[in-house]
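To start, the structure itself, in structure tokens.
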Amino acid sequence: MVRMEHLVINGGRKLSGILEIKSAKNSVLPIIACCIMSKEDILIKNSPKISDVNNMLNIIRSIGGKAKFDGNDVYINCREVNPVLVDSNLTGGIRSSIFILGPILGRFRRARISYPGGCDIGLRPIDLHISGLKTLNVDVSEQSGMIVCDGGNLSGGVVNLDFPSVGATENLMMAGVLTKGRTVIRNAAREPEIIDLQNFINFLGGNVAGAGSDTIVVNGVGKLGGGAYNPVSDRIVAGTYLAACAAAGGDVTLTNVKPNTFYSVIEKFARAGFSLKETNSSVRIIASTRPKAIRKIETQPFPGFPTDMQAQMTALLSLADGSSIMVENLFESRFKYTMQLIKMGADITVKDRVAMIKGVKELSPAVLRADDLRGGAALVIAALSAKGVSEIDGLHHIDRGYCKIEDDLKSLGADIVRK
Ligand code: UD1
């Protein structure tokens, strides 16, 4: 059998240098979907060339829209979109394909999509998206595994989310943009990417307020325009590279980052004993010591510690002087990668949603397999710290969220190649 692409990392080298961070995957994906509601040309600046973005662009193309990368900018025009064309082979591939539901309903008042796919990190239902749409008078049914929505009576209304789901908040916001009246979302998620989606919608001529708080108000407008928009930078990619430097040692400055979008992460590195320097648009980490243990970290919706940094932080704490506890509150099976860290000599015990991490002095190189996106990033961090050659398979998971991770890390002095 031919081996798929994998990473070969000769670990134990310190990282140093300056790296610019691109726009956030979790901002660019809903923004691409939102473009469905405009008939004008839109340019999304500084987008990461990752497979999740490419898949979303394929979905746009498959329904008759124009979408292409021009350098790192994405050009989109959805004038000719036909919602009947949605291809279930494409939408089944990524979780974020669910984002097209709100915009398609908003513009065409009907939608038919398959259940979305995505990372295998546990059950990821879409009941909150569906019940929210029902509250806005959308008639939702399931036909042969497809979600069929009739939005003939779509109207404003008040949706109280049982949980501040990021995706449901964004979908409902978008459903309200071209809908007469006022759509109110209570117990909304407060992630920076939601503020960014609000900014994007308003930039196109929409009328959304309140993102970043727990109540979002969307006043329907007649149409959206176009233009060039620069989405917020990727706080999770930034956090990943800070963790890589902390684990391998060194001195790294990340530019085009917004520290106020991930204070809960930056603060953990400080607690682990690293020196951090921030400006409004950069973060520098200086790592010259072994990490200190952190008694307990729990993942929470924003502004709490993000679940998307859980694996990378666990990899770092596996090297800490002392014991730490990581509690995963958002997704039920997000500790799979710990089996791979244990192969490298990490001392981690997982019970349900809790990982007990007893720090070891160093990890050993190993042949590893990424099973999901952030778990894969955690393995890269561990391999960068371990003296000797590690190999990481399952690269397609990492490529979903990191654009050529080997190039970024090579530019910081890592010995890493894709084979
Ligand atoms: C988004 C992010 C993902 C991140 C997650 C949590 C994008 C493209 N992805 O995913 O990287 O890990 O937020 O910060 O932005 N839930 C339900 N019913 C629903 C929807 C969600 O029970 O209808 C549950 C989920 O199973 C999960 C929790 O709510 O346990 C959080 O999910 P949600 O905030 O919706 O995450 P996503 O939008 O899928």
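None of the figures in this text is laboratory data; all of them are computed from the coordinates on show. The model shown is predicted, which means the values in this text are computed figures rather than measured ones. Quick reminder, even Gly has a Cβ in these numbers, built from the backbone with ideal geometry, and neighbours come from all protein chains shown.
Values as computed for the structure displayed
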| quantity | calculated |
| --- | --- |
| Filtered residue count, the range 326-343, keeping only those that are touching a helix residue (DSSP H, G or I) at 6+ places or on another chain (Cβ under 8 Å), over 20 Å from V367 (Cα atoms) and surrounded by fewer than 18 Cβ atoms within 10 Å (Cβ to Cβ) | 1 |
| Every pair of residues 6+ apart whose Cβ atoms lie under 9 Å, when the first sits in the range 151-169 and is in contact (Cβ under 8 Å) with a residue 60 or more places away in the chain and more than 16 Å from the ligand (Cβ to nearest atom) while the second is assigned to a loop (DSSP other than H, G, I, E, B) and among the hydroxyl-bearing types (S, T, Y) | G156/T179 |
| Long-range neighbours under 6 Å by Cβ, at least six apart or interchain, first residue in contact (Cβ under 8 Å) with a residue 24 or more places away in the chain and closer than 28 Å to G181 by Cβ within the range 123-146, second near the ligand (Cβ under 6 Å from one of its atoms) and not in a helix (DSSP H, G or I) | L128/S165 |
| Flag for G376 being of a type outside the set (A, V, I, L, M, F, W, C), closer than 24 Å to S51 by Cα and part of a loop (DSSP other than H, G, I, E, B) | no |
| Any hit, the range 343-350, residues being among the aliphatic types (A, V, I, L, M), in a strand (DSSP E or B) and closer than 14 Å to S324 by Cα | yes |
| Yes/no for A189 being over 25 Å from F108 (Cα atoms) and touching a residue at least 40 places away in the same chain (Cβ under 8 Å) | yes |
| Strands (runs of 3 or more DSSP E) completely within the range 1-108 that count 1 or more residues being buried (at least 24 other Cβ atoms within 10 Å of the Cβ) and of a type in the set (V, I, T) | 7-11, 41-44, 73-77 |
| Test: residue in the range 207-215 that is within 16 Å of the ligand (Cβ to nearest atom), buried (at least 22 other Cβ atoms within 10 Å of the Cβ) and acidic (D, E) | no |
| Of all residues in the range 273-312 being crowded, with 23+ Cβ neighbours inside 10 Å and of a type in the set (G, A, S), the one that is nearest to the chain's Cα centre (by Cα) | A311 |
